[in-house]
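Enquirer: Below: one structure in structure tokens.
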Amino acid sequence: MPERRTVALVTLGCARNEVDSEELAGRLEADGWDLVEDAADADVAVVNTCGFVDAAKKDSVDALLEANDLKGQARTQAVVAVGCMAERYGKELAEALPEADGVLGFDDYSNISDRLQTILSGGIHAAHTPRDRRKLLPISPAERQSVSDVALPGHGAAADLPEGLAPASGPRAPLRRRLDGAPVASVKLASGCDRRCSFCAIPSFRGSFISRRPSDVLNETRWLAEQGVKEIMLVSENNTSYGKDLGDIRLLESLLPELAEVDGLERVRVSYLQPAEMRPGLIDVLTSTPKVAPYFDLSFQHSAPGVLRAMRRFGDTDRFLELLDTIRSKAPQAGVRSNFIVGFPGESEADLAELGRFLNGARLDAIGVFGYSDEEGTEAATYDDKLDEDVVAERLAHVSRLAEELVSQRAEERLGETVQVLVESVDEEGVYGRATHQAPETDGQVLLTSGAGLAVGRMVEAKVVGTEGVDLVAEPLQGSLACGEEAGR
């Protein structure tokens, strides 16, 4: 009997890439590949790259080179690049990085097994030619759902899968295979983006916005819950636009309560919300639905009106603060995070001060700060009024220090609060999890002062008794520990 082919998936970048990797894993396993964790144990190492900013691109290249170094020293025979960087640069990446044995675009995903087998056998699969994926779907959102021949990573529809790939007791899952046993998993709500922010290249290689059908999202969530997942995080480039191509811009408001009722699920979280598209009804659902986290990942980017207009975005400091006041009037403990770009072309000292005014008034739980740099193919890259690199670096350092101080203060405000903590790790270093206001990997964590009998995946009610920067220290309430001990028996 011939030895089975082995493949390892190395994922970089955002949660959307993680979903795409699990779809690729599902396709490969369904076609007879054995999935392994370590690239050194795989015949083929598939690196799911990120192509968003320079730092992410460098990490992707480093991962490809690291995997290539295994050839001749370990089992690894081929290294293949997929993901956003591969899609965005295609042949250019293949020429610049001959260490990669293949550079596959999104259109190759449905035939990923054949592509890898060709490369593994010594054949050559030509790197794809990049194209503006916004042009692949109709301009009218209402017409997009009828298009069936455009590759949409992470949108795998329900399929007839081999026994064992999805539980026989549950709905047939989308073509997806979990790559870890974490109690939280991302679910793709949509792909692409119709916004035209002047600094962002994502729509050009991810395409126009298109929603997944609610039934697909629900079936995938049920399947994940059967796998032991306790929290799902809905991801896309812009969740507030969900449903606009399905004839109902308020579809998210009706979908969230259905997801919250899935058996076994403890928490539903929504990521990446556009401030300009927030609706009163959506705020109400996010702040009042049991098991739906009152969590707001709001993409502010800046707060000075002139800078926002140059970014082709909307809003200002006072409107953003009013939005936050509305949210907290309905859910005082709501979590809010955001990212900001400093040093944008034309940003004045007054603009920077206006951003500081917003940050000081916003009481954000987590803040990401990035210094502006040109992204090829974007409108902002053509702007004339660029700031010197040392000025951008100075402003980045200043706002980053302010952000670190402010999120620490916000954490201290939570002293005495009762929080719901999803346990994510239990080892000799302690019991760690995340509260409702903390998304995976980005917003800090909670150290529980006692964890006797608690296991990964347990939801624990605890009182915040200390802080360590953005992180919290919390003491489990007696009832939660009793439940945990009972569950561990």
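The values are calculated or read from the model by the stated rules, or taken from the named source; none is laboratory data. The structure presented is a predicted model; accordingly, all values stated were derived computationally and were not measured. Quick reminder, even Gly has a Cβ in these numbers, built from the backbone with ideal geometry, and neighbours come from all protein chains shown. Heads up: the accessible areas ignore ligands, DNA and RNA and are worked out on the full protein's heavy atoms, side chains in. Shrake-Rupley method; radii C 1.70, N 1.55, O 1.52, S 1.80 Å.
Quick grid of which residues meet (1) open to solvent by 50 Å² or more (accessible area, probe 1.4 Å); (2) in contact with a helix residue (DSSP H, G or I) (Cβ under 7 Å, 6 or more places away or on another chain):
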residue	(1), (2)
361	no, yes
378	no, no
385	yes, no
425	no, no
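Enquirer: Can you confirm whether region 98-111 contains a residue that is surrounded by fewer than 21 Cβ atoms within 10 Å (Cβ to Cβ) and touching a strand residue (DSSP E or B) at 6+ places or on another chain (Cβ under 6 Å)?
Expert: Checked against the condition, which is being surrounded by fewer than 21 Cβ atoms within 10 Å (Cβ to Cβ) and touching a strand residue (DSSP E or B) at 6+ places or on another chain (Cβ under 6 Å), region 98-111 yields no hits at all.
Enquirer: Let me ask something else about it. Considering only region 18-48, state which residues are among the acidic types (Asp, Glu), open to solvent by 30 Å² or more (accessible area, probe 1.4 Å) and either at pLDDT 90 or above or part of a helix (DSSP H, G or I) (or both). Outline the logic, then answer.
Expert: Looking only at region 18-48, we keep the residues that are among the acidic types (Asp, Glu), and these are 18, 20, 22-23, 29, 31, 34, 37-38, 41, 43.
Of the ones still in play, those that are also open to solvent by 30 Å² or more (accessible area, probe 1.4 Å) are 18, 29, 31, 34, 37-38, 41.
Correct list: 18, 29, 34, 37, 38, 41.
Enquirer: So, restricting to helices (runs of 4 or more DSSP H) that lie completely within region 277-348, which ones have at least 3 residues that are among the charged types (D, E, K, R) and at pLDDT 95 or above? It would help to see each step written out before you state the result.
Expert: Values: elements: 280-288, 305-310, 317-330.
Once the helices (runs of 4 or more DSSP H) in region 277-348 are filtered for at least 3 residues that are among the charged types (D, E, K, R) and at pLDDT 95 or above, what remains is 317-330.
Enquirer: While we're on this one: Filter region 103-152 down to the residues that are among the β-branched types (Val, Ile, Thr) and more than 21 Å from residue 194 (Cα to Cα) and list them by number.
Expert: Step one: list which residues in region 103-152 are among the β-branched types (Val, Ile, Thr), which gives 103, 112, 118-119, 124, 129, 139, 147, 150.
Answer for region 103-152, where residues must be among the β-branched types (Val, Ile, Thr) and more than 21 Å from residue 194 (Cα to Cα): 103, 112, 118, 119, 124, 129.
Enquirer: While we're here: Tell me which residues, restricted to region 125-178, are surrounded by 18 or more Cβ atoms within 10 Å (Cβ to Cβ), within 20 Å of residue 217 (Cβ to Cβ) and modelled with pLDDT of 55 or more.
Expert: Residues satisfying the conditions are 137, 141, 144, 152, 153, 154, 155, 156, 174, 175, 176, 177.
Enquirer: How about region 49-78: which of its residues are free of Cβ contacts under 8 Å to residues at least 24 places away in the same chain and assigned to a strand (DSSP E or B)?
Expert: 71
Enquirer: Residue 266 passes all but one of (1) touching a residue at least 60 places away in the same chain (Cβ under 8 Å); (2) closer than 20 Å to residue 238 by Cα; which number fails?
Expert: Unmet condition: (2).
Enquirer: Further question: Checking the conditions here, which among 224, 218 is in contact with a helix residue (DSSP H, G or I) (Cβ under 7 Å, 6 or more places away or on another chain) and not charged (D, E, K, R)?
Expert: Numbers: 224 fails: in contact with a helix residue (DSSP H, G or I) (Cβ under 7 Å, 6 or more places away or on another chain).
Just one listed residue meets the conditions, 218.
Enquirer: I've got another one for you. Could you identify the single residue in 350, 293, 334 that is small (Gly, Ala, Ser), more than 26 Å from the chain's Cα centre (by Cα) and over 24 Å from residue 195 (Cα atoms)? So that I can check it myself, show each step before the final result.
Expert: Details: 293 fails: more than 26 Å from the chain's Cα centre (by Cα); 334 fails: more than 26 Å from the chain's Cα centre (by Cα).
Checking each option against the conditions leaves just 350.
Enquirer: So residue 277 passes all but one of these: (1) within 22 Å of the chain's Cα centre (by Cα); (2) farther than 14 Å from residue 252 by Cβ. Which condition number does it fail?
Expert: With respect to (1) within 22 Å of the chain's Cα centre (by Cα); (2) farther than 14 Å from residue 252 by Cβ, residue 277 is out only on (2).
Enquirer: Can I ask one more? Can you name the residue in region 217-256 that is of a type in the set (Asp, Glu) and assigned to a helix (DSSP H, G or I) and, of all such residues, is nearest to residue 194 (Cα to Cα)? Walk me through how you get there before you give the answer.
Expert: So the first thing to find is which residues in region 217-256 are of a type in the set (Asp, Glu), and the list is 220, 226, 231, 237, 245, 248, 253.
Then drop every residue that is not assigned to a helix (DSSP H, G or I), which leaves 220, 226, 253.
Working: 220: 25, 226: 34, 253: 20 Å.
Taking the candidates together, the pick is 253.
Enquirer: Just give me the residues in region 49-63 being modelled with pLDDT under 90 and open to solvent by less than 10 Å² (accessible area, probe 1.4 Å), in sequence order. Break it down stepwise before answering.
Expert: Of the residues in region 49-63, the ones modelled with pLDDT under 90 are 50-63.
Once the filter is applied, which keeps residues that are modelled with pLDDT under 90 and open to solvent by less than 10 Å² (accessible area, probe 1.4 Å), region 49-63 yields 51, 60.
Enquirer: Got a sec? Which of 404, 412 is open to solvent by 60 Å² or more (accessible area, probe 1.4 Å) and within 18 Å of residue 301 (Cα to Cα)?
Expert: Values: 412 fails: within 18 Å of residue 301 (Cα to Cα).
Only one candidate passes the filter, namely 404.
Enquirer: Now for a separate question. Just one of (1) of a type in the set (A, V, I, L, M); (2) touching a Leu at 6+ places or on another chain (Cβ under 6 Å); (3) open to solvent by less than 20 Å² (accessible area, probe 1.4 Å) trips up residue 324, so point out which.
Expert: So the condition that residue 324 fails would be (2).
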